[in-house]
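One structure is given here, and the rest of the page talks about it.
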Ligand code: ADP
Ligand code: F6P
C-alpha cells in the first residue's frame, strides 16, 4: 500500500489549484499517508525541491489564487534524461505515488512517469482553458469565465456610452471554451472561436445591419486561438469594412488570477480527494474528472487522445440571443 505520496502543480497556474492541494494533503493525512509537496512542477522534481506537508501547511489557502507549490514548464522533463533524474528524486524521497495537478501537457509527463518509469501517477485537470476531455470542468475554468464576464460587463458600460464596438480577446490556447461561455454570459453580439469557422464578411454585414436597426454599440468576444487572428488584426479588418468606432481589450493573465469561485473550490476538493483514494486503491496512469456532478475516472491518455467538444447548442443560443 502507498505510504508516502508527492503532489505537484504544473503548466499554467489557475484559481483552485490551492484548494486542490489542500484536498489532496488533508485526504492523504486522513488516510494516514505522508504527503510531500514538490515545488515548481517537474522542474522542482528534477531538482529535488521536495518538502513534507502537514495539515497546517494548507491552512487558509482554499480562497487563494495561484499555487503555493509554484508551477513551471520544464523542457528538461520532456527528455528521458530529465525524467530519469526526476525518478531518482522520487526514490530518494520515498514517494510511492505522484499526483499531478495541471493541464494536458502535464498529464503527458505524468503518463510517462507511470508507463516508462513505473511510478504510480494520477492526474487532476486544472487549467482555465477547460480543454481536457474526461471532465466537464477543469479546475480554474469557472473562475476565469467569471473574471472575463466581469470585464465584459465593465467594457459594455463604456461601449454603450461612446457608441463603440469593442473586441475583447480572451485566453484558451487552441480552445474556445472561455470565449463561448463568457461571451454568452456577457451578451456578446459575436463570439469567435476556433471550433467554428469565422467569416469576417458575414460578421461585418451583421454588425452593419444591427447599426441600421439602431444598435449603437457592440461587443465581440474572440478566443486567442481563433483563425481570424488576434483582436488587433480583427479590429483592423472590421475598421476597413464598417464605420464602427472600434476599440480592443486583451484580457490576458488577469484571467488566471484571483480567488477561486465556489464551483472551482468544490470541484478541486472533490477531485483532490478522489485522486488520493484512487492511489490508495492501487489505481494508476489515470485521471479524475467530474461528469454531471459525479467523479469519473479515465486513463491519463484520454485527456489528449479525445478532443473535448464545445457545446454547439450554447453557440447556437448565443447567435439567437444576439440578433
Ligand atoms: P499544461 O499542463 O498547462 O498543458 P504544458 O503543456 O506547458 O502545460 O506542460 C507542462 C509541462 O509538462 C511541460 O513543461 C513539460 O515539463 C511537461 N510535458 C508536457 N508534454 C510532455 C511530454 N510529451 N513528455 C514529457 N513531459 C511533458
Ligand atoms: O493554458 C493556460 C494559458 O493561460 C492559455 O490560455 C494561454 O494561451 C497560455 O496559458 C499563456 O501562457 P503563459 O502564461 O506562458 O504566457
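The numbers here are math on the coordinates, done by the rules we state, and not lab data. Note that the structure is predicted; figures quoted are calculated from it, not measured. Backbone-built Cβ (ideal geometry, glycine too); neighbour counts: all protein chains shown.
Brief remarks on what is shown
- Each listed q (0.27 Å⁻¹) maps to a log10 I(q)/I(0) for the range 176-250 from the Debye sum over equal C-alpha point scatterers, namely -1.48.
- Rounded to the nearest 10 degrees, the angle from helix 104-115 to the longest Cα principal axis of the chain is 20 degrees.
- Across the chain, C-alpha contacts under 8 Å between residues 6 or more apart give a mean separation that, scaled by the residue count, equals a relative contact order of 24 percent.
- Rounded tilt (10° steps) of 200-212 against the dominant C-alpha axis of the chain: 50
- The label-point distance for residue 232 and residue 157, in a model that sets each label 7 Å from Cα toward Cβ, rounds to 2.7 nm.
- Normalising by residue count, the range 130-255 has a Cα convex hull of 93 Å³ per residue.
- In terms of other Cβ atoms within 10 Å, 27, 71 run from fewest to most in the order 27, 71.
- Crossing angle, helix 141-162 versus the chain [Cα axis fit, 0-90 degrees, rounded to tens]: 20
- The Cα center of the range 13-75 and the Cα center of the range 237-271 differ in position by 26 Å.
- Kirkwood hydrodynamic radius (C-alpha pairs) into Stokes-Einstein, the range 234-323, 37 °C and 0.692 mPa s, D in µm²/s: 186
- Debye log10 I(q)/I(0) at q = 0.08, 0.13, 0.14, 0.19 Å⁻¹ for the range 1-150, Cα point scatterers: -0.20, -0.53, -0.62, -1.13
- Percentage, to the nearest whole number, of Cα pairs in the range 32-73 over 18 Å apart: 32
- As a rough guide to protection, the peptides 239-248, 275-284, 184-193 ranked by mean Cβ packing within 10 Å, highest first, stand as 184-193, 275-284, 239-248.
- The chain - share of DSSP beta bridges that are antiparallel (%, nearest 5): 25
- Fraction of antiparallel bridges per DSSP, the range 1-139 only, in percent to nearest 5: 20
- Just checking the listed ones, 313, 42, 302: in the Gaussian network model of the chain with Cα springs under 10 Å, the one fluctuating most is 313.
- Ordering 273, 59, 218 by the number of other Cβ atoms within 10 Å of each residue's own Cβ, fewest first, gives 59, 273, 218.
- Cα centroid of the range 101-158 to Cα centroid of the range 292-323, whole Å: 13
- Among 138, 217, the order by Cβ neighbours within 10 angstrom, fewest to most, reads 217, 138.
- Taking all C-alpha pairs of the chain, those more than 29 Å from each other amount to 40 percent.
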